[in-house]
Every structure is written in C-alpha cells, then in structure tokens.
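The values are calculated or read from the model by the stated rules, or taken from the named source; none is laboratory data. None of the values given here were measured: they were computed from a predicted structure. Virtual Cβ from ideal backbone geometry, glycine too; neighbours counted across all protein chains shown. Surface accessibility is based on the protein's heavy atoms, side chains included, excluding ligands, DNA and RNA. Shrake-Rupley method; radii C 1.70, N 1.55, O 1.52, S 1.80 Å.
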Amino acid sequence: MIQELVWATSLTLMAVLALVFIWVAFKARIELPDYGPAIASAYQKRTWLFGLAMVILIWANYRTLSHLPYVSSSAAQGSAATVQPVEVVGNQWSWTITPSNLKAGQTAEFHVTSTDVNHGFAVYDPDMRIVAQTQAMPGYINKLRYTFTKPGTYRVLCLEYCGVAHHQMAADITVAAR
Ligand SMILES: [Cu+2]
C-alpha cells in the first residue's frame, strides 16, 4: 500500500521535473551565428544521430528490461484464492517442504525458515535453471512467491554454505500438469 503511494509520488515528481527540463530546454534555444552551410549541415546531422541514438536506446531498454530475473509483482501475485502456501524449513542438512506436490499455473507462496543456521533456498526448474531463491534464516520467515508454469520435477538446493554436508541439502518439488 505504502509502496504504491511512494511509487505514485515518485512518478508525479519525475513528471514535474521532466516538464521543467523541457521548458528550460525550449527557453534556452539560442540563435546560432551563421557558420555557413557545412557547419549547419553538420549540426543537422548531429541532431539526427542524437535522435537515432535515443530511439535505439529506448528500444533496447524496452526489449531487454523485462527479462531481468526479478519476479514482476503482477506475475507473482496471483489471486488470493489460487495462492498455495508452502512451508519450507531448512536444517543441517535437509529441507522439509510441505506440500511438495504442486500444480502448474498455481502460485506458490513459500514461507521459508531455518531451525539452525542460514541456508539458501533455491528452486531450479527441470533444466536446472534457477527460477527463484531466498534465504532460510533462523527466527525469520521469508516469503517468496513463484508461479510454476511448466510441469516437472523441480530441484531445491542450498545456496549458502552451511557445514560439511551442505552439498547434500537437496529436495524435490513435483509440479503436475494442470
Ligand atoms: Cu547449505
């Protein structure tokens, strides 16, 4: 709630700032002395190049920013009715995941904690690509939402070195087709 307010306030202030910049840029327009046609055409070329660079930059940002590995809040939300709570407890050296059978298309909300030391709760898809992760900390419950889209066996590994059998801290989450 407060995040939305901060977001709206920031956007408004950024818009005001942008308008001030645009206004100043227009006010500051100066007449160039007549340097001759060669210079004038160079200036024109520069303006075009700047415009082209802006278009390429905005296009590249638009195409790539959405691929960042942050779970978008709308994708992660799911409606309250479809969110499946999953209790996750890490301890030296195993995971307890309840339930560990989920359905594709369902948003899981992992409640992640630890009984002893810090562990790293990481979920890998069937191709062993990491899809979500958070810390498992004693005394804290970290919430992590993830919507499983494809069915299969997902692997849970520990990402935080937690003792001699750290490498054995693995578990499975089975995601059935919807
Ligand atoms: Cu570990």
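Which ones in region 168-178 are in contact with a Leu (Cβ under 9 Å, 6 or more places away or on another chain) and either within 16 Å of the ligand (Cβ to nearest atom) or open to solvent by 70 Å² or more (accessible area, probe 1.4 Å) (or both)? Hits for region 168-178 are Met169, Ala170, Ala171.
So, in region 23-42, how many residues would count as being among the β-branched types (Val, Ile, Thr) and either surrounded by 10 or more Cβ atoms within 10 Å (Cβ to Cβ) or modelled with pLDDT of 95 or more (or both)? The number of residues fulfilling the criteria is 1. Within region 146-167, track down each residue that is more than 10 Å from the ligand (Cβ to nearest atom), open to solvent by 70 Å² or more (accessible area, probe 1.4 Å) and either modelled with pLDDT of 95 or more or not in a loop (DSSP other than H, G, I, E, B) (or both). Within region 146-167, Thr153, Arg155 qualify.
Of all the criteria given as (1) within 23 Å of the chain's Cα centre (by Cα); (2) within 15 Å of the ligand (Cβ to nearest atom); (3) loosely packed, with under 15 Cβ neighbours inside 10 Å, the one not satisfied by Val112 is (3). The single condition from (1) open to solvent by 40 Å² or more (accessible area, probe 1.4 Å); (2) within 15 Å of the ligand (Cβ to nearest atom) that Thr134 fails is (1). Of everything in region 117-129 that's touching a residue at least 24 places away in the same chain (Cβ under 8 Å) and within 20 Å of the chain's Cα centre (by Cα), which residue is nearest to the ligand (Cβ to nearest atom)? Restricting to residues being touching a residue at least 24 places away in the same chain (Cβ under 8 Å) and within 20 Å of the chain's Cα centre (by Cα), the top hit is Gly120.
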